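The values are calculated or read from the model by the stated rules, or taken from the named source; none is laboratory data. Since this is a predicted model, take the numbers as computed values, not measurements. Here Cβ is always computed from backbone atoms with ideal geometry, including for glycine, and neighbour counts include all displayed protein chains. Surface accessibility is based on the protein's heavy atoms, side chains included, excluding ligands, DNA and RNA. Shrake-Rupley method; radii C 1.70, N 1.55, O 1.52, S 1.80 Å.
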Amino acid sequence: MSTASPAVQVVIGGRRFTRDQVLAWEAERLPAAAAKIGLPVPSGGLARQRAAFAESKLALGADEIKHRLRRDLRIGDAVASVTTQLSRGRRATSVCELHVAGGSAAEFVQWFDDTSRADYTRSMTAAHPDHFLIQALPDGRQEVIETTGGSPLPTRFLVDYSDLSTLTTPHSPDTDAEAAGVALSAKSLHIGGVRHQFRDEPGGFHARLCVEFPKATLPKILSEHRRHLAIEFSNWVEFAFGTPS
């Protein structure tokens, strides 16, 4: 892996956004996330705030995070159940694209999938202020507690990257690497999933990041979650290939 961070350009709905614009979205979300989990907003620039806030969440531990967010998680699980039932298996998608100058599709997905990395939980958590907990479980699934874009409440769900059974987004034949799996609620309902597809381009790679939600999900959540994807994956790219900004 290179020690120089690659350049990342975000495309949402055909509109291009600079790295500075994405960093501004991240800075805007940090105070809200800190208030939600009951932690102070760290001082300093965004890079320092990002690292310090991640360390504070990790120091709380999974049990304390779940305790602090217990009321919201109960409501969020109920909402997920209702929207899933109303949707009857139909899905709506939230899509964001990245063009990365540097690295390759396979290198990035290998890094993303490597749960044996010593910094796995830290890097997963640090990528977005609204990531309260992301960890690999012993059964191979990924446990996530986060506030999705546009939602007032955090939710807990599991991502099973070994199961593609209920995904509705097709696999693109020009994909060089993929991170895909179903998302399950606390009650084991298939509430959605992810199909993140990556292909090499001259000098770097392209990412089509796609999250499937129940069809009955509010349009604002689908729209705003595109920014969530832009923030977390831009940071993950920098974590994977160089020094975070």
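Structure above, values below:
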quantity	calculated
Criterion: more than 18 Å from V159 (Cβ to Cβ), at pLDDT 95 or above, more than 14 Å from the chain's Cα centre (by Cα) and among the charged types (D, E, K, R) - qualifying residue of R226, R199	R199
Long-range neighbours under 7 Å by Cβ, at least six apart or interchain, first residue free of Cβ contacts under 8 Å to residues at least 24 places away in the same chain within the stretch 16-40, second open to solvent by 20 Å² or more (accessible area, probe 1.4 Å)	R16/Q9; A27/L46; P31/V41; L39/S56
Total residues in the stretch 18-48, condition of a type outside the set (A, V, I, L, M) and either touching a helix residue (DSSP H, G or I) at 6+ places or on another chain (Cβ under 6 Å) or more than 30 Å from E97 (Cβ to Cβ) (or both)	7
Subset of the stretch 78-94 that is among the hydrophobic types (A, V, I, L, M, F, W, C) and closer than 21 Å to L229 by Cβ - its residue that is modelled with the highest pLDDT	A92
Helices (runs of 4 or more DSSP H) contained in the stretch 32-145 and holding at least 2 residues closer than 17 Å to A240 by Cα and within 19 Å of the chain's Cα centre (by Cα)	46-68, 105-113, 120-126
Test: residue in the stretch 76-94 that is touching a Cys at 6+ places or on another chain (Cβ under 9 Å) and either open to solvent by less than 40 Å² (accessible area, probe 1.4 Å) or of a type in the set (F, W, Y) (or both)	yes
Residue match in the stretch 213-221 (condition: part of a strand (DSSP E or B) and either under 19 Å from Q110 (Cβ atoms) or in contact (Cβ under 8 Å) with a residue 60 or more places away in the chain (or both))	yes
Top-ranked residue in the stretch 204-237 [being of a type in the set (D, E) and open to solvent by 10 Å² or more (accessible area, probe 1.4 Å); ranked as farthest from H131 (Cα to Cα)]	E224
Residues within the stretch 165-203 that are in a loop (DSSP other than H, G, I, E, B), under 18 Å from L137 (Cβ atoms) and open to solvent by 10 Å² or more (accessible area, probe 1.4 Å), tallied	4
Answer residue from the stretch 15-43, given it is surrounded by 17 or more Cβ atoms within 10 Å (Cβ to Cβ) and of a type in the set (D, E, K, R) and is farthest from S234 (Cα to Cα) among those	K36
Residues (in contact (Cβ under 8 Å) with a residue 60 or more places away in the chain, open to solvent by 60 Å² or more (accessible area, probe 1.4 Å) and among the hydroxyl-bearing types (S, T, Y)) located in the stretch 115-164	none
